[in-house]
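Trainee: Let me give you the structure first, and then I'll get to my questions.
The values are calculated or read from the model by the stated rules, or taken from the named source; none is laboratory data. These numbers come from a predicted model, not from an experiment. Heads up, the Cβs are rebuilt from the backbone with ideal geometry, glycines too, and the neighbour counts pull from every protein chain shown. Note: areas computed on protein heavy atoms with side chains; ligands, DNA, RNA excluded. Shrake-Rupley method; radii C 1.70, N 1.55, O 1.52, S 1.80 Å.
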Amino acid sequence: QVQLVESGGGLAQAGGSLRLSCVASANILSMNSMAWYRQTPGKQRELVARLSVGGTTTYADSVKGRFTLSRDNAKRTVSLQMNSLRPEDTAVYYCNGRILTKDFWGQGTQVTVSS
């Protein structure tokens, strides 16, 4: 099975930056897509950004212009650069990989943004 391990979460002040990384146990080129999701208590898990087959990247409206998804195929790593952080960005962030109909999830990494 595919394992995904996130890192890079932590504390930041509003307006600050964090960079999250997700390392996969398999070649990320074998994935139909790689994505970052986030979830807070009482809310549904929401898509933050997704890298699809062919290299197309989409972002949630709430993070456009602030977050950037990138990949390093050789290092089997997908990263999320988060700039201009806001308190509402506070959440547990999860790395997601999709192969056909199967989803693989990381353990999550906490991001907390103070006012």
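Trainee: Given (1) out of contact with any helix residue (DSSP H, G or I) (no Cβ under 7 Å at 6 or more places or on another chain); (2) in contact (Cβ under 8 Å) with a residue 12 or more places away in the chain; (3) not polar (S, T, N, Q), identify the lone condition not met by Val111.
Mentor: (1)
Trainee: Right, next: In the stretch 43-60, which residues are assigned to a loop (DSSP other than H, G, I, E, B) and either of a type in the set (Val, Ile, Thr) or under 18 Å from Ser7 (Cα atoms) (or both)?
Mentor: If the condition is that a residue be assigned to a loop (DSSP other than H, G, I, E, B) and either of a type in the set (Val, Ile, Thr) or under 18 Å from Ser7 (Cα atoms) (or both), then Val53, Thr56 are the ones that fit.
Trainee: To continue, here is another question. Given the criteria in contact with a Ser or Thr (Cβ under 7 Å, 6 or more places away or on another chain) and either within 25 Å of Ser115 (Cβ to Cβ) or crowded, with 17+ Cβ neighbours inside 10 Å (or both), does Leu18 qualify?
Mentor: no
Trainee: Turning to a different aspect of this structure: When you scan the stretch 84-115, how many residues do you find that are out of contact with any Asp or Glu (no Cβ under 9 Å at 6 or more places or on another chain), open to solvent by less than 60 Å² (accessible area, probe 1.4 Å) and assigned to a loop (DSSP other than H, G, I, E, B)?
Mentor: 2
Trainee: Look through the stretch 61-83, keep the residues that are open to solvent by 60 Å² or more (accessible area, probe 1.4 Å) and assigned to a strand (DSSP E or B), and return whichever of them is modelled with the highest pLDDT.
Mentor: Thr68
Trainee: Take the residues in the stretch 21-58 that are among the β-branched types (Val, Ile, Thr) and surrounded by 12 or more Cβ atoms within 10 Å (Cβ to Cβ); name whichever of them is nearest to Glu88 (Cα to Cα).
Mentor: Thr40
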